[in-house]
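See below for the structure under consideration.
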Amino acid sequence: MKLTQKSINDVEKKFIELSKKLKEIRQENEFNEIDLNHFQLKLTQITKELLEPSNISIRQDLHELIEKISTLTTLDLQWNIIQAVGAQHLADVLQHNTTLTTLDFQWNGIGDVGAQHLANVLKHNSTLTTLNLEHNSIGDVGAQHLANGLRHNTTLTTLDLGRNEIGAVGAQHMGDALRLNITLITLNLHHNSIGDDGAQNLADGLRYNTTLTTINLGDNKIGDVGAQHLADGLRHNTTLITLNLEDNQIGAVGAQYLADGLRHNTTLITLNLDANQIEAFGAQHLADVLKHSTTLIILNLQRNQIGDVGAQHFADVLRHNTTLTTLNLRGNEIGDVGVQYLTDELRYNTTLTTLDLQSNEFGTVALQHLADVLRHNTVISSLYSCIPCVYL
């Protein structure tokens, strides 16, 4: 089949639809990262086989496109496999562009060389505020180039580097950049390999950063040691609002470190510890802090094996805490006893609006307790439970 520009566009549209469908499937099921990466790799390979033999000069067309559309503010080039050469053509124009504010460049295989070209954009461009480089095979060298760009940039507020190949060294460069950068608000490093050493490097940057409000470090092989470093960063940071540590290797000890950090932090609103291993002991430490916390609003402890004992600790929180509005305890091996602990204290709580207890191990007795408490509690607007699944 001879490929035309129209057929290329049709293929791209279909793959974008597949990508969206994959996200929907992931939300409804619990796939691990190996399953997802295998599926995404296959999609990428198929896309390359379709596009690479064609005569469509995507890379050169980029240069002409941007020059012609001088009023462009948003450019979405995801899933095009533009690679480093195409990134260079784009960067050459964007260095002097004065209108573009958002560039979505995910899934383009630009690598470290392409990241270097876009880093040059960050040094000279004065309008770009959002840059998405997710899934681009960027490693530590590419992260170093981008970090150097951030040192000189005064406009970028959102940088997405999720699903790349950045390790501890790359995280060190990013941490150094955070010390000096005064504009970045959101940094996504989800699904890299920064580990405990990388967490330490970023935490060092957070000590001095005064603008970052959201950082996503999910799925980065961070354990208890890394959690300790991040907790130290929380003690000194006064701007971070959202910290995502889902799908890491943080245990009860790491949860204790984070709890200690939260005692001294007055800004964090959302903490996501989904899919770690904090268990009942770690839950106790977090619960002790939440009894007196006046800032944390959303806590996600989904899939942490806290059991009935952990549920009891959070039940005590519900009696004393006056700020928490959302508590996710889905998939935590909580039985009828644990639910009873929670419902006994929900009678007195006046702030929690969302409680997720799906995928636990309780039965109809616990459902009766939940039904009874809803007769007295008029604040809860969203209660998620199962057996059978009931959504309020």
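The values are calculated or read from the model by the stated rules, or taken from the named source; none is laboratory data. Because the structure is predicted, anything quoted here is derived from the model rather than measured. Note that we place each Cβ from the backbone using ideal geometry, even for glycine, and neighbour counts take in every protein chain shown.
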Restricting to region 260-315, what's the tally of residues that are closer than 13 Å to LEU357 by Cα and out of contact with any helix residue (DSSP H, G or I) (no Cβ under 8 Å at 6 or more places or on another chain)?
-> 3
Looking at GLN358, GLN312, which is the one that is under 26 Å from ALA255 (Cα atoms) and surrounded by 21 or more Cβ atoms within 10 Å (Cβ to Cβ)?
-> GLN312
Might you let me know whether region 217-236 holds any residue that is in contact with a Ser or Thr (Cβ under 7 Å, 6 or more places away or on another chain) and either closer than 22 Å to ALA168 by Cα or of a type in the set (S, T, N, Q) (or both)?
-> yes
Just need a number here: residues in region 187-246 that are among the aliphatic types (A, V, I, L, M) and part of a helix (DSSP H, G or I).
-> 9
When region 227-238 is checked residue by residue, the ones that are within 17 Å of ASP176 (Cα to Cα) and out of contact with any strand residue (DSSP E or B) (no Cβ under 8 Å at 6 or more places or on another chain) are HIS229, ASP232, GLY233, HIS236, ASN237
Count, please, the residues in region 272-292 that happen to be at pLDDT 95 or above and closer than 19 Å to ALA315 by Cβ.
-> 14
Count, please, the residues in region 207-248 that happen to be at negative phi and either among the basic types (Lys, Arg) or in contact with a helix residue (DSSP H, G or I) (Cβ under 8 Å, 6 or more places away or on another chain) (or both).
-> 27
Residues in region 231-249 that are under 17 Å from the mean Cα position of the chain (by Cα) and more than 21 Å from ARG163 (Cβ to Cβ) total 2
Would you call ASN321 in contact with a Lys or Arg (Cβ under 7 Å, 6 or more places away or on another chain) and of a type outside the set (Lys, Arg)?
-> yes
Does region 121-133 contain at least one residue that is modelled with pLDDT of 95 or more and on the phi > 0 side of the Ramachandran plot?
-> no
Residues of region 262-290 satisfying the condition of being in contact with a Lys or Arg (Cβ under 7 Å, 6 or more places away or on another chain) and either buried (at least 24 other Cβ atoms within 10 Å of the Cβ) or among the charged types (D, E, K, R) (or both) = ASP274
